[in-house]
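K.L.:
Here's a structure for you.
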Amino acid sequence: MTEAEIKKPPKYLPSGDVAATMGRSLLIVLLALLSSVAFNYFRSSPLNWDWKPALPQAPLINDLKIFEDMMKQPNTIVVDARDEFFFEMGHIPGALSLPLESGDPTHLTAWAKTLAPQTVIIIYCSDEFCNMAAELAERMTTIGLEPQIFTLGFEAWETQGLPVESLEEN
């Protein structure tokens, strides 16, 4: 090697290839973005792309005794968010059936107009892992109601041997 070749800085990219390399890099980034959007679209449970502002969380009731005491208060309505089938098989005495699938804003707004002022709404579903009560509470919040959620659900009520109403005919 000659002395001129040794002192010369290495040439990693020819000057004309900078634009081509940047273009390829941009293409790779765009392909990655498009493939991630397509993958999310075809997933069985896609990620939520709804970027609406978060609603206030409904207060949670995590204690069965507190729930029982609140039920006894005047102007308290207990709402069962489970499917009608489960409500008919057994529910907390005095509870109203308002299944999640019937909780569209129009129906909820009409129902809310029938409530007395200062009505306390407590929603429950099957157990602590059920999210139907939380979803129904979110829908109620969007129309101006302030529901609470009994997180332990019907399972905890029934397990404690508390009374259960049923619409089933024996």
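The values are calculated or read from the model by the stated rules, or taken from the named source; none is laboratory data. Remember, it's a predicted structure, so these values are computed and weren't measured experimentally. Virtual Cβ from ideal backbone geometry, glycine too; neighbours counted across all protein chains shown. What goes into the accessible areas is simple: the full protein's heavy atoms, side chains included, and nothing from ligands, DNA or RNA. Shrake-Rupley method; radii C 1.70, N 1.55, O 1.52, S 1.80 Å.
K.L.:
Residues of region 127-159 being in contact with an Asp or Glu (Cβ under 6 Å, 6 or more places away or on another chain) and either among the charged types (D, E, K, R) or farther than 18 Å from Pro59 by Cα (or both), which ones?
P.N.:
Within region 127-159, Asp127, Glu155 meet the criteria.
K.L.:
Specify which of the listed residues (Glu138, Glu128) is under 16 Å from the mean Cα position of the chain (by Cα) and open to solvent by 90 Å² or more (accessible area, probe 1.4 Å).
P.N.:
None of the other options fit; the residue is Glu128.
K.L.:
Please go through region 105-125 and pick out each residue that is of a type outside the set (A, V, I, L, M) and surrounded by 11 or more Cβ atoms within 10 Å (Cβ to Cβ).
P.N.:
Of everything in region 105-125, those that are of a type outside the set (A, V, I, L, M) and surrounded by 11 or more Cβ atoms within 10 Å (Cβ to Cβ) turn out to be Pro105, His107, Thr109, Trp111, Thr119, Tyr124, Cys125.
K.L.:
Scan (1) surrounded by 15 or more Cβ atoms within 10 Å (Cβ to Cβ); (2) more than 21 Å from Ile61 (Cβ to Cβ) for the single condition Ser166 breaks and write down its number.
P.N.:
So the condition that Ser166 fails would be (1).
K.L.:
Next question. I need every pair where a residue in region 148-170 that is of a type in the set (Ser, Thr, Tyr) has its Cβ under 9 Å from the Cβ of a residue that is assigned to a helix (DSSP H, G or I), sequence separation at least 6 or different chains.
P.N.:
Thr151/Ala133; Thr151/Ala134; Ser166/Glu88; Ser166/Met89
K.L.:
So is Gln73 open to solvent by 70 Å² or more (accessible area, probe 1.4 Å), over 25 Å from Gln160 (Cα atoms) and at pLDDT 90 or above or not? Spell out the reasoning first.
P.N.:
On the way: open to solvent by 70 Å² or more (accessible area, probe 1.4 Å): yes; over 25 Å from Gln160 (Cα atoms): no; at pLDDT 90 or above: yes.
No.
K.L.:
Out of (1) at pLDDT below 95; (2) of a type in the set (A, V, I, L, M, F, W, C); (3) more than 23 Å from the chain's Cα centre (by Cα); (4) open to solvent by 40 Å² or more (accessible area, probe 1.4 Å), the odd one out for Leu60 is which?
P.N.:
Condition not satisfied by Leu60: (3).
K.L.:
Being assigned to a helix (DSSP H, G or I), out of contact with any helix residue (DSSP H, G or I) (no Cβ under 6 Å at 6 or more places or on another chain) and among the hydrophobic types (A, V, I, L, M, F, W, C) narrows it down to one residue among Ala116, Ala112; which is it?
P.N.:
Result: Ala112 is the single residue among Ala116, Ala112 that is assigned to a helix (DSSP H, G or I), out of contact with any helix residue (DSSP H, G or I) (no Cβ under 6 Å at 6 or more places or on another chain) and among the hydrophobic types (A, V, I, L, M, F, W, C).
K.L.:
Here is a follow-up. In region 141-163, which residues are open to solvent by 80 Å² or more (accessible area, probe 1.4 Å) and in contact with a Cys (Cβ under 9 Å, 6 or more places away or on another chain)?
P.N.:
Of everything in region 141-163, just one residue is open to solvent by 80 Å² or more (accessible area, probe 1.4 Å) and in contact with a Cys (Cβ under 9 Å, 6 or more places away or on another chain), namely Glu155.
K.L.:
Determine which member of the set Leu13, Leu31, Leu55 is out of contact with any Leu (no Cβ under 9 Å at 6 or more places or on another chain) and either part of a helix (DSSP H, G or I) or modelled with pLDDT of 80 or more (or both).
P.N.:
That would be Leu31, the only listed residue that is out of contact with any Leu (no Cβ under 9 Å at 6 or more places or on another chain) and either part of a helix (DSSP H, G or I) or modelled with pLDDT of 80 or more (or both).
K.L.:
For the structure I just gave you, tell me whether Asn40 is surrounded by 10 or more Cβ atoms within 10 Å (Cβ to Cβ) and modelled with pLDDT of 90 or more.
P.N.:
Judged against the criteria, Asn40 is not a match.
K.L.:
Would you point out the residue of region 84-101, among those that are assigned to a loop (DSSP other than H, G, I, E, B) and of a type outside the set (A, V, I, L, M), that is surrounded by the most Cβ atoms within 10 Å (Cβ to Cβ)?
P.N.:
If we take residues in region 84-101 being assigned to a loop (DSSP other than H, G, I, E, B) and of a type outside the set (A, V, I, L, M), then Pro99 is surrounded by the most Cβ atoms within 10 Å (Cβ to Cβ).
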